[in-house]
Amino acid sequence: MTEVAKRTPELANIEKREQPLSTAYNSEMGPREVWNKKNPPHEAVLVKNLKTTELTPREFRNTKARFYRLGHDIRLQPHVSELPPQGASVNHRHTTEAVIYIVSGVGHSVISWDGINEERIDWEEGDMFSFPVWMWHQHFNDSDTESCRYLAIQDTFAIKALGLHAIERFPENKQA
C-alpha cells in the first residue's frame, strides 16, 4: 500500500477505480490505456534533467514520452514529450487542463475550438503556455535538426477519479 493510501484510506479506492473508456469513433483512450499499461508512470519525488531523461515511443501520438507520479500525487500527472525534427503530434483535445513548459527546442502549437478559426502559439525553450479544456491543439517542432521537448502538467489523476477523462483526435486528423 502506498504512503498516500496509508494516510488516507479513502484515496486508495479512488486510485483503483477504472473509468469506462469512451467509445467515440475518434477516441484516443484505447491506444493510450494500452500504452499506459506497458509504460506505467515513473514514481519519483525528484526527476533530474528533463532534457536527457529517457523517453518511450508513443506511435499513436507521433511522440516519445514518459509519464510520472511525483510524490504519490493523486491529482496532477506530469509527462515529458518529445517531437523529432519537423515532427508534429496528432491534433487532439482532452478534458484535462494542461500547462506546458518548453524544456528544449523551438516550435509552435495550433489551437482552435472548431478546427477552422485557428490560432498559432510560437514557443521556444523556457516558455510556458496553456489553453482551455477541450480545445483542439497540435504541437509542431520547427527545427530541421533538433528534437524538442515539453513538460505537460495535467490534472489527469483527478479527472480520471471523477470518471470524466476523455481524449479525442480531430475527426479528419487535420494537419495545420
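Could you tell me how many of the residues in the range 68-123 are among the polar types (S, T, N, Q), in contact (Cβ under 8 Å) with a residue 60 or more places away in the chain and either under 23 Å from residue 163 (Cβ atoms) or in a strand (DSSP E or B) (or both)? Write out each step before concluding.
Taking the range 68-123 and keeping what is among the polar types (S, T, N, Q), we get 77, 81, 86, 89, 91, 95-96, 104, 109, 112, 117.
From the residues that got through so far, the ones that are in contact (Cβ under 8 Å) with a residue 60 or more places away in the chain too are 77, 81, 91, 95-96.
Add one more test, that the residue is either under 23 Å from residue 163 (Cβ atoms) or in a strand (DSSP E or B) (or both), and what stays is 77, 81, 95-96.
Count: 4.
For residues that are modelled with pLDDT of 95 or more and surrounded by fewer than 18 Cβ atoms within 10 Å (Cβ to Cβ), scanning just the range 104-115, find the one that is farthest from residue 55 (Cα to Cα). Full working, then the answer.
Taking the range 104-115 and keeping what is modelled with pLDDT of 95 or more, we get 104-112.
Retained after the next criterion (residues that are surrounded by fewer than 18 Cβ atoms within 10 Å (Cβ to Cβ)): 104, 106, 108.
Details: 104: 14, 106: 19, 108: 21 Å.
By that ranking, first place goes to 108.
Of all residues being exposed (fewer than 12 other Cβ atoms within 10 Å of the Cβ) and either touching a Leu at 6+ places or on another chain (Cβ under 6 Å) or under 21 Å from residue 89 (Cβ atoms) (or both) in the range 19-35, which is modelled with the highest pLDDT? Just the residue, please. Break it down stepwise before answering.
Within the range 19-35, the first condition is being exposed (fewer than 12 other Cβ atoms within 10 Å of the Cβ), and the residues that meet it are 20, 23, 25, 34.
Remaining after also requiring either touching a Leu at 6+ places or on another chain (Cβ under 6 Å) or under 21 Å from residue 89 (Cβ atoms) (or both): 25, 34.
On the way: 25: 71, 34: 90.
Ranking the qualifying residues of the range 19-35, first place goes to 34.
The values are calculated or read from the model by the stated rules, or taken from the named source; none is laboratory data. Remember, it's a predicted structure, so these values are computed and weren't measured experimentally. Note that we place each Cβ from the backbone using ideal geometry, even for glycine, and neighbour counts take in every protein chain shown.
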